[in-house]
Amino acid sequence: MNYEELMSAKLNALRDDGNYRVFADLERQRGSFPRATRYDDKGKTSEVTVWCSNDYLGMGQNPAVLKAMKEAIDKCGAGAGGTRNISGTNHYHVELERELADLHGKESALIFTSGYVSNWASLGTLASRLPNCVVLSDAGNHASMIEGIRHSRAEKHVFKHNDVEDLNRKLSEIEPGRPKIIAFESVYSMDGDIGPIAEFCDVAKAHGALTYLDEVHAVGLYGPRGGGVAEREGLMDRVDVIEGTLGKAFGVLGGYIAASETLCDFVRSFASGFIFTTALPPAVAAGAITSIRHLKQSNQERLAQRDRVALLRSRLDQFGIPYMRNESHIVPVVVGDPVKCKWITDWLLENAGIYVQPINYPTVPKGTERLRITPSPLHTDKDIEHLVSSLNFLWSQCALSRAVA
């Protein structure tokens, strides 16, 4: 059997559909975010402006964060040296978990190597270890949540996206007394819409269910101390498990859950995705601690980002360029065709020095292909004008619809 041929056929089908992913070879420029140096396939370099980073507030370039990481390397060396159980728990890890518990008003927190792993390991462990558990999962949930639930082999029901009535109806059909987990997000990363947290908590209380809230695209960005949408809306105490990341607004790497001491200990003790993997490098934990502490007391970055988002949307409106309306910081510009979406992003990169990644199937449904734009506090008025004028030119060239989604 020719395995190479079988794999090549699948890859060629991706290319034909316009869904083959090409990685941009970038080198971030310290102190110059959102600028980056791009390397083409011949090794030639050029400067680009990044418009799709999840380093939402530029904290990955914050001087205090960099200083903390350098000091931790000088103090501890490079890696953690083992799993958390076998020599890998560094004091920076302990301090980081305390900071995260405080951020979310919880008794405890547990850190993982990524946000994907924290969802996969935590949901997989809770759903599999709670006897006869059933999981209610929002239809828009991230792949990491879906995989964690699937891995648990627990009974699963998918409810319509952000639909409180459908959730309540499905819970009503489950026999009382069974352990139940409702898994949902605050900010959904591709559409930028926000989940009805309070209403989901009401339904959970009525049916005796645990609530599991993914705040990955909200931590650092919302709430007076960056605790997420649940903090902004005064709901943290009503959510049983808050999951987040250190790799987006906090600008470093890692994932975590914050919950009761018992629940965190339960996951710590049974989750293979936590037990059997090397701990985060101490320097990464040190940088995360500094970033979290900074954003707990500084609103400057959040306010500046909101200003940039508002200006970009205003300029897109003036040119009639379609984007999905939402209440978050994410600006999805609708294209609706995978080949055109890839062509647009290639043109922007080669001709305008603008890097934005095409978002195609399976990340989003077919027919909803888009440019996912994430303005940061460090994008200037000039950056925004250059982006919008370039998009306007392309919309004119491609005969794309200017109807607002």
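Per-structure values
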item: Three semi-axes of the equivalent ellipsoid, the stretch 238-286, Cα gyration tensor, whole Å, largest first; result: 20, 16, 8
item: Accessible carbon and sulfur surface of the chain relative to its total accessible area, %, 1.4 Å; result: 52 percent
item: Projected label distance in nm at H157 and V339, using a 7 Å step from Cα toward the beta-carbon; result: 4.4 nm
item: Kirkwood-type radius of the stretch 121-182, with distances r between different C-alpha atoms, in Å; result: 11.6 Å
item: Part-to-part distance (alpha-carbon centres) for the stretch 131-174 and the stretch 333-369, which is given in Å; result: 31 Å
item: Overall form of the stretch 1-85 per C-alpha gyration tensor (a/c, 1.5; a/b vs b/c); result: oblate
item: Highest-MSF residue in the chain out of V22, V284, V203 [GNM, Cα springs under 10 Å]; result: V22
item: Of G115, A80, V135, farthest towards positive along the dipole that unit charges on Lys, Arg, Asp, Glu beta carbons give the stretch 58-161; result: V135
item: P(r) tail fraction, the stretch 56-199 - alpha-carbon pairs more than 17 Å apart, %; result: 72 percent
item: Cross-link partners of K296 among aspartates and glutamates (Cα-Cα below 13 Å; sequence separation of 8 or more within a chain); result: E99, D102, E231
item: GNM top mover of A101, A310, A285 - the chain, alpha-carbon springs below 10 Å; result: A310
item: The stretch 207-331: Rg to Rh, with Rh as the Kirkwood radius over Cα pairs; result: 1.04
item: Calculated Rg and Dmax of the chain using C-alpha coordinates, Å; result: 21.7, 64
item: Above-threshold pairs, the threshold being 18 Å between Cα atoms, out of K156/K366; K156/K180; K67/K382; K67/K106; result: K156/K366; K67/K382; K67/K106
item: For the stretch 253-309 and the stretch 210-244, distance of Cα centres in Å; result: 12 Å
item: Square roots of five times the Cα gyration tensor eigenvalues for the stretch 63-118, Å; result: 20, 16, 11
item: HN-Hα J in Hz across the stretch 225-239 - Karplus 6.51, -1.76, 1.60, θ = phi - 60°, x for Gly and Pro; result: 10, x, x, x, 5, 4, 5, 4, 9, x, 10, 4, 6, 8, 9
item: Potential lengthening between A206 and R178 on full extension [0.36 nm per residue; Cα-Cα distance subtracted]; result: 8.7 nm
item: Whether the stretch 194-266 is rounded, prolate or oblate, judged on the alpha carbon gyration tensor where a/c under 1.5 counts as rounded; result: oblate
item: Virtual paramagnetic centre 7 Å along Cα→Cβ of E199, amide N under 17 Å, in the stretch 171-185; result: 171-172, 182-185
item: GNM result for the chain, Cα springs below 10 Å: residue of E99, E27, E147 fluctuating most strongly; result: E27
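The values are calculated or read from the model by the stated rules, or taken from the named source; none is laboratory data. Computed from a predicted model, the values in this text were never measured in an experiment. Glycine also receives a Cβ, built like all others from the backbone with ideal geometry; neighbour counts cover every protein chain displayed. Each accessible area value is taken on the protein alone, full model and side chains, heavy atoms only, with ligands, DNA and RNA left out. Shrake-Rupley method; radii C 1.70, N 1.55, O 1.52, S 1.80 Å.
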